Every structure is written in structure tokens, then in C-alpha cells.
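J.: Got a structure here, written out as C-alpha cells. Questions coming.
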Amino acid sequence: MDLKSKIRVVEDFPSAGISFKDVTTLLSDGEAYFEAIEGCSKMLEGVTFDLIVGPEARGFLIGAPLAVKLKKGFVPIRKPGKLPYETIQHAYELEYGTDVLEIHKDAIKPGDRVLIADDLLATGGTAKAVCELVEKLGGTVVGLAFLMELDFLPGREVLSGYEVWSTIHYTS
């Protein structure tokens, strides 16, 4: 199945010059969604890990079904104030300002091998922040799996030193 054809492209969203890759159209097609998760799981054959971590919110849509398929636990990374137990935070730089992510302080134990899953690799800032949160808790990031990657942006460079896998690639 051509998964790229199932993703709607919205021009000039959220601002002029941006060509937004809207994964909601793929997610609403049960067969395409199934094939997307299958594709992600096939990329990971031979990779050994204990948990999958996914950042809010679209990381949940890829990470959680992937965790079920691979019989792994899933750990959500959230915006501040969304998790009910004690958390640790990590602030990181965005193009125009900063953002903060949180994880439960007991979600990852030292030595856990962690895979990070998300829908899109673009600039890599959020993914790098998730790596740093996992590592603050003593986890080892074995790699990052993305449904889509914008090859023309510096995401892979930002994540240098980490293994990165992507199912769908956009070159422009």
C-alpha cells in the first residue's frame, strides 16, 4: 500500500510556506493505519528494547499500537500538568521560544532499553528532548522510529549518535 498517498498535505499550515503532513487521513483508514504500524514494526526487526516511549499527542498514535503489536510497555511523555504522579521535566528550545515535557519519575528504570516512537521527524527538537528525558532516568535510547520523516530538515543531524528509522520519507 502507498501510505504516502493516505496522508493529506495542507499547504500554508500553520503558516505561509509550510506544507503540513496531516496524518489524520491515514489514521481514519483502518487498513492504512494497520499497514503503517506493520511497517514500523518491520523496521524494528532485530532491535532489542524493553519499552516504547511516545511524546504527546501523535506519538501516542504510533507508539501505543506499536507497543501492543510488539508486546512492549508504553510510556507517555506529556506536557506539564497532565501526568498524575511525580514527574521530572525537561525544557528545550523551539524555533521561537521554549517548551517543556514531563515523564513519571518511575516510568523508566536505570538500564531499561527504550525505543522512542512518533509520527514525524522534522527539526528533531522534540525527539532530542524525549531522548534527554529518558536518559535523565537512566534509560538507554536504542533508537527512534517515525512514521514520516522530512528529509530536507535537520532532524537526523540533531539526533546524530542515535539510530533513526522512518517508514515514509518526504524529500521536499
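Readers should treat all values here as calculations from the given coordinates under stated rules, not as data from a laboratory. Keep in mind it's a predicted model, so treat the numbers as computed, not measured. With ideal geometry, Cβ positions are generated from the backbone for all residues, glycine too; neighbour counts draw on all protein chains shown.
J.: Hey, if you put +1 on the Cβ of every Lys and Arg and -1 on every Asp and Glu Cβ in the stretch 1-55, which of 9, 30, 40 ends up farthest toward the positive end of that dipole?
T.: 9
J.: Please list, ordered by chain and number, the residues whose modelled amide H lies under 5 Å from the amide H of residue 77; skip anything fewer than 5 residues away on the same chain.
T.: Distant-sequence amide H within range of residue 77: 54, 56.
J.: Return the sequence-ordered ³J(HN,Hα) values of the stretch 64-80 in whole Hz as given by the Karplus equation 6.51 cos²θ - 1.76 cosθ + 1.60 applied to θ = phi - 60°, using x for Gly and Pro.
T.: Calculated HN-Hα couplings, in order: 5, x, 5, 4, 4, 4, 9, 6, 10, x, 10, 10, x, 9, 10, 6, x Hz.
J.: Just 18, 62, 52 to compare: in a GNM of the chain, with alpha carbon springs under 10 Å, which one fluctuates most?
T.: 18
J.: Add +1 for every Lys or Arg and -1 for every Asp or Glu among the other residues with Cβ under 9 Å from the Cβ of residue 144, and state the total.
T.: -2
J.: Still on this structure, please answer the following. Give the residue list of chymotrypsin sites (Phe, Trp or Tyr not before Pro) in the stretch 64-172 that are DSSP loop and have at most 12 other beta-carbon atoms within 10 angstrom.
T.: 85, 96, 152
J.: For the chain, what's the relative contact order in percent, using C-alpha pairs closer than 8 Å and at least 6 residues apart?
T.: 18 percent
J.: Convert each backbone phi in the stretch 12-19 into a coupling constant with the Karplus relation 6.51 cos²θ - 1.76 cosθ + 1.60 (shift: θ = phi - 60°), then list the ³J(HN,Hα) values in order as whole Hz, x for Gly and Pro.
T.: Here the 3J(HN,Hα) series is 6, 10, x, 8, 3, x, 8, 10 Hz.
J.: Let me know the longest stretch in the chain that avoids all trypsin sites (Lys or Arg not before Pro) found in a DSSP loop with at most 15 other C-beta atoms within 10 Å.
T.: Counting only loop sites that pass the neighbour cut-off, the longest clear stretch is 1-70.
J.: Right, something else. Add -39500 (n - 2.57) for each DSSP H run of 4 or more in the chain, then divide by its residues: what number comes out at 222 nm, to the nearest 500 deg cm²/dmol?
T.: When only DSSP H runs of four or more count, the value is -8000 deg cm²/dmol.
J.: Taking the dipole about the Cα centre of the stretch 105-172, with the C-beta of Lys and Arg at +1 and of Asp and Glu at -1, give me whichever of 107, 141, 171 is farthest to the positive side.
T.: Checking the options against the dipole of the stretch 105-172, the answer is 107.
J.: Work out from phi, with θ = phi - 60° and the Karplus expression 6.51 cos²θ - 1.76 cosθ + 1.60, the ³J(HN,Hα) of each residue of the stretch 51-62, listed in order in whole Hz, and give x for Gly and Pro.
T.: Once rounded to whole Hz, the list reads 9, 10, 10, x, x, 4, 9, 6, x, 5, 6, 9.
J.: From the cross-link list 79/136; 69/136; 42/136; 4/42, which pairs have alpha carbons spaced over 20 Å apart?
T.: With Cα atoms farther than 20 Å apart: 69/136; 42/136.
J.: Classify the chain from the C-alpha gyration tensor, please: rounded if a/c falls under 1.5, else prolate or oblate depending on whether a/b exceeds b/c.
T.: Judged from the Cα gyration tensor, the chain comes out oblate (a/c at least 1.5, b/c at or above a/b).
J.: With springs only between Cα atoms under 10 Å apart, run a GNM on the chain and tell me which of 132, 102, 31 wobbles the most.
T.: 31
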